[in-house]
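Chemist: I'd like to ask you about the structure that follows.
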Amino acid sequence: MKFIDEAVIQVLAGKGGDGVASFRREKYIPKGGPDGGDGGRGGSVFAVADRNINTLIDYRFARIHRAKNGQSGQGSDRYGKGAEDIILRMPVGTLIKDINTDEVVADLVHDQQKVLLAKGGNGGIGNLHFKSSTNRAPRQFTFGEPGQELELKLELKVLADVGLLGMPNAGKSTLIRAVSAARPKVADYPFTTLHPNLGMVRVDQNRSFVMADIPGLIEGAAEGVGLGHRFLKHLARTRLLLHVIDMMPPNEETDLVHEARALEQELKKYDEALYQKPRWLVMNKTDMMPQDQRDEICQAFVKKMGWQDKYFIISALTGEGCQLLTYAIMDYLEQHLPPQPEDPTPEDELANPC
């Protein structure tokens with residue numbers, strides 16, 4: 001299935017049914033009085049997070065989602081039938097925004113999380129409710145309310161604990177293959193990875209985390225060079241970034257320090273918050289180095305970078321150093337747990353019953 005991480009849709013809730021002005025007409029019962037029923041409620045549109053879906057492809061082609069109108073009221077005290085609601089199932093991690101105001105409507109971060117997108121209109125009132133001691137034959141009734149209409153932008157941001165960042169062919173896909181069961185495509189040409197890949201890294205029986213691999217960045221991505229910044233949003237929910245460096249690039253004239261700093265600048269141009277996330281340096285492809293010079297070359301690179309945070313020397317191809325890296329990641333994630341969402345208060349539940 002093709003990976004689609006953005007879509008624009010229109011949601012239209014149903015109109016409420018109209019109330020009716022009616023009077024009881026039966027044999028032997030003159031002046032039976034008002035008996036007009038209320039209109040039914042219009043259908044609403046809900047979004048539900050579903051962990052079994054991993055793409056927004058369904059919404060790329062089905063753009064308009066319209067709920068039905070409520071049924072009008074009828075005589076003999078008969079109320080109109082309410083319309084059925086529409087349920088839109090979306091991947092966990094979908095961010096929903098109002099395209100006109102850029103306001104966040106919902107952020108689906110939990111499986112089976114249900115959010116109201118467009119509320120159906122309330123039904124109108126029949127003349128049954130207008131009778132009184134001074135108004136014995138009311139002809140008043142009200143029309144049903146219109147349903148909400150919104151144009152929404154859907155953005156899928158994958159849920160992962162750790163994100164891999166680096167130039168094309170830095171070995172990110174090979175790394176995620178080495179430490180997880182994910183099997184992304186690996187080849188010897190740039191931009192082999194065309195969409196994010198997720199892998200579950202199991203450190204021990206009850207200790208695991210999710211790693212995300214995104215297509216590589218190159219200098220000038222902010223101006224659309226390469227695949228641009230399009231996939232950087234998938235790192236927004238991560239708690240730790242791994243900057244993977246290819247220590248043995250095919251071109252000997254490549255300045256690794258310049259490339260690493262250029263990638264940092266592209267990250268900063270995209271999102272300052274993403275740039276400020278904890279980031280570790282992972283020097284990869286060290287199996288291609290002379291073993292007696294490996295540590296010396298890597299230490300020189302770290303010193304030239306002026307890197308002060310954690311760094312690791314690995315070979316994703318042979319697996320050397322990968323276990324040490326995954327255990328360090330697991331320890332970090334356990335020490336820096338994300339804040340847990342607070343349980344809703346009774347007042348919140350009453351304000352947002354959906």
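The values are calculated or read from the model by the stated rules, or taken from the named source; none is laboratory data. Quick caveat, the model's predicted, so the values are computed rather than measured. Note: ideal-geometry Cβ built from the backbone for every residue, glycine included; neighbour counts use all protein chains shown.
Chemist: Does at least one position in region 45-57 carry a residue that is within 19 Å of T142 (Cα to Cα), assigned to a loop (DSSP other than H, G, I, E, B) and in contact with a Phe, Trp or Tyr (Cβ under 7 Å, 6 or more places away or on another chain)?
Modeler: Within region 45-57, none of the residues are within 19 Å of T142 (Cα to Cα), assigned to a loop (DSSP other than H, G, I, E, B) and in contact with a Phe, Trp or Tyr (Cβ under 7 Å, 6 or more places away or on another chain).
Chemist: Could you list, in sequence order, the residues of region 4-58 that are of a type in the set (K, R) and farther than 29 Å from S76 by Cβ?
Modeler: R51
Chemist: Does any residue in region 294-312 that is hydroxyl-bearing (S, T, Y) come within less than 8 Å, Cβ to Cβ, of a residue that is part of a strand (DSSP E or B) six or more places away or on a different chain, and which pairs are these?
Modeler: So the pair list comes out as Y311/W280; Y311/L281; Y311/V282; Y311/M283.
Chemist: From R41, R60, which residue is surrounded by 15 or more Cβ atoms within 10 Å (Cβ to Cβ) and assigned to a loop (DSSP other than H, G, I, E, B)?
Modeler: The match here is R41.
Chemist: Which residues, taken from region 275-292, are closer than 28 Å to Q323 by Cβ and in a helix (DSSP H, G or I)?
Modeler: T286, D287, M288
Chemist: Let me ask something additional. Name, by its number, the condition in (1) more than 21 Å from L88 (Cα to Cα); (2) part of a loop (DSSP other than H, G, I, E, B) that does not hold for L159.
Modeler: Checking L159 against (1) more than 21 Å from L88 (Cα to Cα); (2) part of a loop (DSSP other than H, G, I, E, B), the one that fails is (1).
Chemist: Please count how many residues of region 293-308 are in a loop (DSSP other than H, G, I, E, B) and touching a strand residue (DSSP E or B) at 6+ places or on another chain (Cβ under 9 Å).
Modeler: 1
Chemist: Would you check if F209 is surrounded by fewer than 19 Cβ atoms within 10 Å (Cβ to Cβ), of a type in the set (F, W, Y) and either in contact (Cβ under 8 Å) with a residue 12 or more places away in the chain or outside any helix (DSSP H, G or I) (or both)?
Modeler: no
Chemist: May I pose another question? If you check S173, S180, which single one turns out to be at pLDDT 85 or above, hydroxyl-bearing (S, T, Y), in the same structural domain as L274 (by TED's automatic domain parsing) and crowded, with 22+ Cβ neighbours inside 10 Å?
Modeler: Answer to the selection: S173.
Chemist: Also, quick follow-up: Return the only residue of L241, L217, L227 being surrounded by 17 or more Cβ atoms within 10 Å (Cβ to Cβ) and either outside any loop (DSSP other than H, G, I, E, B) or at pLDDT 90 or above (or both).
Modeler: Result of the check over L241, L217, L227: L241.
Chemist: Against the conditions (1) in contact with a helix residue (DSSP H, G or I) (Cβ under 6 Å, 6 or more places away or on another chain); (2) of a type outside the set (D, E); (3) modelled with pLDDT of 90 or more, where does G166 fall short? Just the number, please.
Modeler: For G166, the failing item is (3).
Chemist: Turning to a different aspect of this structure: How many residues, within region 98-156, are assigned to a loop (DSSP other than H, G, I, E, B), touching a residue at least 40 places away in the same chain (Cβ under 8 Å) and more than 20 Å from I64 (Cβ to Cβ)?
Modeler: Looking only at that region, the number is 21.
Chemist: A further question on this structure: Looking at F61, F46, F23, which one is free of Cβ contacts under 8 Å to residues at least 40 places away in the same chain and either among the aromatic types (F, W, Y) or in the same structural domain as L198 (by TED's automatic domain parsing) (or both)?
Modeler: None of the other options fit; the residue is F61.
Chemist: Out of all the residues in region 314-327, which are part of a helix (DSSP H, G or I), surrounded by 14 or more Cβ atoms within 10 Å (Cβ to Cβ) and of a type outside the set (S, T, Y)?
Modeler: If the condition is that a residue be part of a helix (DSSP H, G or I), surrounded by 14 or more Cβ atoms within 10 Å (Cβ to Cβ) and of a type outside the set (S, T, Y), then C322, L325 are the ones that fit.
Chemist: What is the number of the single condition among (1) aliphatic (A, V, I, L, M); (2) within 19 Å of D213 (Cβ to Cβ); (3) surrounded by fewer than 18 Cβ atoms within 10 Å (Cβ to Cβ) that M288 does not meet?
Modeler: Of the numbered conditions (1) aliphatic (A, V, I, L, M); (2) within 19 Å of D213 (Cβ to Cβ); (3) surrounded by fewer than 18 Cβ atoms within 10 Å (Cβ to Cβ), the odd one out for M288 is (2).
Chemist: Return a yes/no flag: does region 43-61 have any residue that is of a type outside the set (A, V, I, L, M, F, W, C) and more than 30 Å from T238 (Cα to Cα).
Modeler: Within region 43-61, one or more residues are of a type outside the set (A, V, I, L, M, F, W, C) and more than 30 Å from T238 (Cα to Cα).
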